[in-house]
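Read-outs: derived from the displayed coordinates by stated rules, not from any lab. The shown structure was predicted, so the numbers you read here are calculated from the model rather than taken from an experiment. Quick reminder, even Gly has a Cβ in these numbers, built from the backbone with ideal geometry, and neighbours come from all protein chains shown.
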Amino acid sequence: MANYSTNEFKGGLKIMLDGEPCNILENEYVKPGKGQAFNRVKIRKLISNKVLEKTFRSGETVESADVLDTELAYLYTDGEFYHFMNNDTFEQIAADEKAVGDNLKWLVENDVCTITLWNGTPITVTPPNFVELEITETDPGLKGDTAGTGGKPATLSTGAVVRVPLFVQTGEVIKVDTRSGEYVSRVQK
Amino acid sequence: MALQTARPGCLPTILILVMTSSASWQPTTTPCARQARAQLLRQIREFFYARNVLEVDTPLLSQGSVTDVHLNAFETDFTYGHLGKAQSLYLQTSPEYAMKRLLCAQSGPIYQLCKAFRHEGAGRWHNPEFTMLEWYRPDFDHLMLMDEVDALLQHTLGTDSGERFTYQQIMVRHTGLDPLTVTHAQLTDALPGLGIDIDAPESLSHDDLLQLIFAMVVEPRIGQHRPCFVHGFPAGQAALARISTQDPRTADRFEVYFRGAELANGFFELADADEQRKRFEQDNQTRKQMGMPSIAIDEHFLQALDAGLPDCAGVALGVDRLLMLKTGATHIEQVINFPVSRA
């Protein structure tokens, strides 16, 4: 496995820390005029998703992490695994529940997701920023009841629950921002 | 306090965003930043002209260099030496030794604006080649020189006069650790509570640990509104400063911090040639233990000290960092036309 020197540190570099692949978010070179040089880095652990700060002596080397982002289309789930396909090569890959995590509720068939692979195995599945889903259940909004209620909960076909405006009804398709989990607009069928 | 900007109407940040994505032959500075540099250099020269301090010029290439364990010089080969054989020359990490030779030759007060070189990484506050302002004041001690640095900052940045703390005061205030009595074990134990996560901290020296804590915990919290002068560094970090006659645990060394930048480092200068030789040799010993090359001791410098260095204080100030503060730059590349990545 290749190593990186602290001189190569920069945002986006993938390194191994405590046996876990990590993404460097920020790197700051700290060098007191008369002192030892250090690199202070902010790191996101890619499996536990923890963000932490770590200090290295400048010139130290760390193991690189074989981490790769790929764009794959979601196909289906067999109940245990979630299957994705590369639309160019038709190669398929299966992600387990741990990799999909909470993003399960944003998986829409044929949507292209970002799958992060570590040593060829999916560790995270990131849905597109916007997905379109059908409302399966929401209270019928009362006419005229529009003032300051902040909308109502709506359950979507994947089981996700989002707040929608009162005029949106069961059976309609809506656009949702997966990063915030917020309703964006209605979609014309 | 409002920092003076180079010219009204300059929009450095927006332009920088455009520039940094530009082709690599292009400068990373804006026209405004270049104007500000020219203006700053003029202000510095005016400041010293008004105070009768002489501008001098000394070699950037020298046969000797600093032995300091944490300073690395670029080394180059000179094949046309006057002794008829090849010799190594170092690019200077600061013009200190040569300027002190001038002081020993009765130059009186002197300053220099020059390039300095350090073989180390680039970063937000660092470029391996940078502009340095260094000056020396016979008959000043470090406290008097702090007044003059303060005046220079007021003149160039329009700052309020700076605050002053001893190293001990500022460390106790921000970390609860007394740097003059704390043990090595207490320092390593304190790291997690201070938010510093580093492997094998026990392998760092006592002074490395103090510097790590100072850089990560103290520096970001001081000098946010006005320059902060810290003096009375632990004797282990004396470098070329005298040991204090009042408290031999400390050295007559000061540093200036302002808005996240370590801006200047000054000494009541060590004049004792024997003590100086001892410190050089000690450094080279430490270098050897750490598997680093030993550095040719600057004999011209030691001979000059033998001849007699007048009592004086001296300080080195990073001009690029000063310019960053003046222009509100967030990265040194915004004030250096061609940083090392484009040099």
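In the P(r) worked out for chain B, what percent of Cα pairs fall beyond 31 Å? Provide the component values of the computation, followed by the final result.
Numbers: 21003 of 58653 pairs.
Here the long-distance tail beyond 31 Å is 36 percent of all Cα pairs in chain B.
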| Where in region B:77-183 are there chymotrypsin sites (Phe, Trp or Tyr not before Pro) that are in a DSSP coil and have at most 15 other Cβ atoms within 10 angstrom of their Cβ? | B:80
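Quick one: net charge of residue B:161's neighbours, Cβ under 13 Å, K/R +1, D/E -1?
-3
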| query | If the viscosity is 0.692 mPa s and the temperature 37 °C, what translational diffusion coefficient in µm²/s does Stokes-Einstein give for region B:219-260 when Rh comes from Kirkwood over Cα pairs? | reply | 303 µm²/s
| For region A:93-114 and region A:69-92, distance of Cα centres in Å | 9 Å
| note | Residue separation between residue B:24 and residue B:300 times 0.36 nm, minus their alpha-carbon distance, gives in nm 95.2 nm
| task | Please identify, among B:181, B:327, B:166, the residue showing maximal mean-square fluctuation in a Gaussian network model of chain B using a 10 angstrom Cα cutoff. | result | B:181
| note | Summing +1 per Lys or Arg and -1 per Asp or Glu among the other residues with Cβ less than 14 Å from residue B:338's Cβ gives +1
| For region B:110-253, alpha-carbon Rg and Dmax in angstrom | 16.8, 46
| query | Semi-axes of the equivalent ellipsoid of region A:88-189: what are they in whole Å, largest first, if each equals the square root of 5 times a C-alpha gyration tensor eigenvalue? | reply | 32, 13, 10
| task | Once you have a ≥ b ≥ c as the square roots of the Cα gyration tensor eigenvalues for region B:233-343, tell me rounded if a/c is under 1.5, and otherwise prolate or oblate according to whether a/b is larger than b/c. | result | prolate
| query | How large are Rg and Dmax for chain A when only the alpha carbon atoms are used, in Å? | reply | 21.7, 72
| request: Over the whole of A:17-24, what's the average partner chain Cβ count within 10 Å per residue? Rounded to a whole number, please. | output: 0
| task | Quick one: divide the alpha-carbon radius of gyration of region B:40-110 by 2.2 N^0.38 Å and tell me what you get. | result | 1.40
| query | If the chain between residue B:115 and residue B:79 were fully stretched, how many nm would it gain, using 0.36 nm times the residue separation less the Cα-Cα distance? | reply | 10.6 nm
| field | CD proxy at 222 nm, helix term only [per DSSP H run n ≥ 4: -39500 (n - 2.57); per residue of the protein assembly as shown; nearest 500] | value | -6500 deg cm²/dmol
| message | Give me the base-10 log of I(q)/I(0) for the protein assembly as shown at each q in 0.11 Å⁻¹, Debye formula, one uniform scatterer per Cα, rounded to two decimals. | response | -1.03
| query | Counting alpha carbon pairs within less than 8 Å and at least 6 residues apart, what relative contact order, in whole percent, applies to region A:58-189? | reply | 19 percent
| query | residue B:115: which lysines have alpha carbons under 30 Å from its alpha carbon, excluding same-chain residues fewer than 8 sequence positions away? | reply | A:10, A:31, A:34, B:85, B:100, B:278, B:288, B:326
| message | Which residue fluctuates most in the GNM of chain B (Cα springs below 10 Å): B:278, B:115, B:100? | response | B:278
| said: Within 15 Å, Cβ to Cβ, of residue A:42, how many net charges do the neighbouring residues add up to if Lys/Arg are +1 and Asp/Glu are -1? | reply: +4
| query | Hey, what does the equivalent ellipsoid look like for region B:122-204, semi-axes from the Cα gyration tensor as sqrt of 5 times each eigenvalue, largest first, whole Å? | reply | 32, 19, 14
